[in-house]
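Notes follow once the structure below has been shown.
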Amino acid sequence: MSERRNFLALESVFRAREALETYVEDKDDKAQISFCLSYLHQVHSTLKIVDFPGAITFAAEIESLAEMIANGKAPDQEKGEDALMGAMLRLPL
């Protein structure tokens with residue numbers, strides 16, 4: 001069961017990355033950053049279920065950054081997007 005959850009989290013990370021890439025290419029497509037945020041929430045929730053403490057904290061921070069970007073509250077949107085993509089690549093899944 002744990003392997004299945006890890007696979008779902010990994011799939012959600014891939015989908016979040018795709019959504020972020022699409023958003024970066026077309027900033028008018030706000031739905032994509034919302035999709036990214038939703039997928040990251042799924043990752044965060046899955047990590048809570050499998051009780052992976054360090055990854056839970058990291059995923060929460062990534063989710064928070066995605067929310068700031070989605071709401072236009074990141075101090076530097078472009079750097080925030082770069083940081084978000086880099087962080088997603090470093091999730092320990």
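The values are calculated or read from the model by the stated rules, or taken from the named source; none is laboratory data. This is a predicted model, so every value here is computed, not measured. Quick reminder, even Gly has a Cβ in these numbers, built from the backbone with ideal geometry, and neighbours come from all protein chains shown. For the accessible areas, the whole protein counts, side chains as well, though only heavy atoms, and no ligand, DNA or RNA atoms are used. Shrake-Rupley method; radii C 1.70, N 1.55, O 1.52, S 1.80 Å.
Reported count of residues in segment 37-64, each being more than 20 Å from Met85 (Cβ to Cβ) and among the aliphatic types (A, V, I, L, M), is 3. Looking at the structure I just gave you, is Ala74 assigned to a loop (DSSP other than H, G, I, E, B), of a type in the set (A, V, I, L, M, F, W, C) and open to solvent by less than 70 Å² (accessible area, probe 1.4 Å)? For Ala74, the condition - assigned to a loop (DSSP other than H, G, I, E, B), of a type in the set (A, V, I, L, M, F, W, C) and open to solvent by less than 70 Å² (accessible area, probe 1.4 Å) - is met.
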